[in-house]
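To start, the structure itself, in structure tokens.
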Amino acid sequence: MLGGVAALLNAENNSSEFTSEILSLAINAASDSVPNIRYILAQAVKNPNISEDLVGQIRPVISSLASGDKDKDVKYFASEAQKCF
């Protein structure tokens, strides 16, 4: 699912409403108990095309993963995603 989210976020000409809905699905994955899901989320949102208002939604989630996740890979990928914002 998160692979699809990444592809949709990278697609051009998405409406803001559509991107917001897709991002909401991705944000829900941040609380998944499986570390692979969380780091795939961080990779999925590593996208410079996300509008500034949507970055405001995802930035706190990625920041939390980068600073407080138990898994080192999740922290790494979340830190990398932060560089796009």
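Coordinate-derived values only; no laboratory data. Not measured: the values here are computed from a predicted model. In this analysis, Cβ positions are derived from the backbone assuming ideal geometry, glycine residues included, and neighbour counts consider all displayed protein chains.
Within the range 36-68, which residues are part of a helix (DSSP H, G or I), among the hydroxyl-bearing types (Ser, Thr, Tyr), loosely packed, with under 15 Cβ neighbours inside 10 Å and touching a residue at least 24 places away in the same chain (Cβ under 8 Å)? Step through it out loud before you land on a result.
First, pick out the residues of the range 36-68 that are part of a helix (DSSP H, G or I): 36-44, 52-68.
Narrowing further to those that are among the hydroxyl-bearing types (Ser, Thr, Tyr): 39, 63-64, 67.
Checking which are loosely packed, with under 15 Cβ neighbours inside 10 Å leaves us with 64, 67.
Of everything in the range 36-68, just one residue is part of a helix (DSSP H, G or I), among the hydroxyl-bearing types (Ser, Thr, Tyr), loosely packed, with under 15 Cβ neighbours inside 10 Å and touching a residue at least 24 places away in the same chain (Cβ under 8 Å), namely 64.
Annotation: of all residues in the range 1-35 being under 21 Å from residue 83 (Cβ atoms) and polar (S, T, N, Q), the one that is surrounded by the fewest Cβ atoms within 10 Å (Cβ to Cβ) is 10.
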